[in-house]
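The values are calculated or read from the model by the stated rules, or taken from the named source; none is laboratory data. Just so you know, these numbers come straight off a predicted model, no measurement behind them. In this analysis, Cβ positions are derived from the backbone assuming ideal geometry, glycine residues included, and neighbour counts consider all displayed protein chains. Calculation scope for accessible area: heavy atoms of the full protein, side chains included, ligands and nucleic acids excluded. Shrake-Rupley method; radii C 1.70, N 1.55, O 1.52, S 1.80 Å.
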Amino acid sequence: MALQSVLQCFIAVCLLSTPSKGELESDASSVIQLSHSLGSRPFEPRGQINVRSLKSGSVNIQQDSSYDWKDYKEAAEANEFYHLEAFVKYNGIERTFLTSTKACLLYESQLADIITIHVDLLGNIYGVSVATPHSQQCTGTVLEFEPNFNTTVLISYMEHGPVPDVAMYVQKVEQEKVAKERGETKDNRSFIAKYWMYIVPLVLVFMMSGASNPEQPAR
């Protein structure tokens, strides 16, 4: 089966979060070699993704299904998984990522899949995942189709976590402290909540004194 060119594949680059270009410390080009497998079959070459720039989202893909329509049908009927292996060369580092989805979902989408490249804030690729556009349950009703992948490539950037506002917290604590010193704050706690440290010892003393002086039996 001939190698599918980039013009025969639908490619979309999606910036799931939109960091500024300055946030990525590195933007070297990379090549992601793709291999795939149905069920327990050995991995076979699927193609490659060429990442020219993660900052600009310049990506293209070349691939070949390498399996026949009947292969996907049999894997779907056997409730097997479709496995994708991504070998990444980036910044002089080589990593291999393995991801899977149900074969029936890929089969029923007629080989329309989504490959997501996960990138950290330093510009390093730390994961590759595969999914189908619709993750509903398999129905088993699919007509015969040409086994050519229709792939969407997404780039997902890691987002900054929330940063605590320390200055605001310190200011609030200082305001509460000043208000308490001026007597402007009201203590709405119950009587027991306010004075439990005094009540508990008294209760214990009464209980202990009662236990040590039991009532004398009547004669």
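The number of residues in region 36-54 that are under 24 Å from the mean Cα position of the chain (by Cα) and surrounded by 19 or more Cβ atoms within 10 Å (Cβ to Cβ) comes to 5. Restricting attention to region 112-124, the residues that are closer than 16 Å to residue 85 by Cα, among the hydrophobic types (A, V, I, L, M, F, W, C) and open to solvent by less than 10 Å² (accessible area, probe 1.4 Å) total 2.
For (1) of a type in the set (Gly, Ala, Ser); (2) buried (at least 19 other Cβ atoms within 10 Å of the Cβ); (3) within 11 Å of residue 30 (Cα to Cα), each residue gets a yes or a no:
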position	(1), (2), (3)
57	yes, no, no
67	no, yes, no
74	no, no, no
78	yes, no, no
87	no, no, yes
97	no, no, no
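Residue pairs whose Cβ atoms lie under 7 Å apart, separated by 6 or more positions or on different chains, with the first residue in region 118-145 and without any contact (Cβ under 8 Å) to a residue 40 or more places away in the chain and the second assigned to a loop (DSSP other than H, G, I, E, B) and open to solvent by 40 Å² or more (accessible area, probe 1.4 Å), are 120/158.
When region 57-73 is filtered for residues that are among the charged types (D, E, K, R) and touching a residue at least 12 places away in the same chain (Cβ under 8 Å), the ones remaining, listed by number, are 64, 68, 71, 73.
Listed here are the residues, each with its yes/no results for (1) open to solvent by less than 100 Å² (accessible area, probe 1.4 Å); (2) over 30 Å from residue 116 (Cα atoms); (3) in contact with a Leu (Cβ under 7 Å, 6 or more places away or on another chain); (4) at pLDDT below 75.
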residue	(1), (2), (3), (4)
148	yes, no, yes, no
157	yes, no, yes, no
162	no, no, no, yes
167	yes, yes, no, yes
170	yes, yes, no, yes
179	yes, yes, no, yes
185	yes, yes, no, yes
188	no, yes, no, yes
198	no, yes, no, no
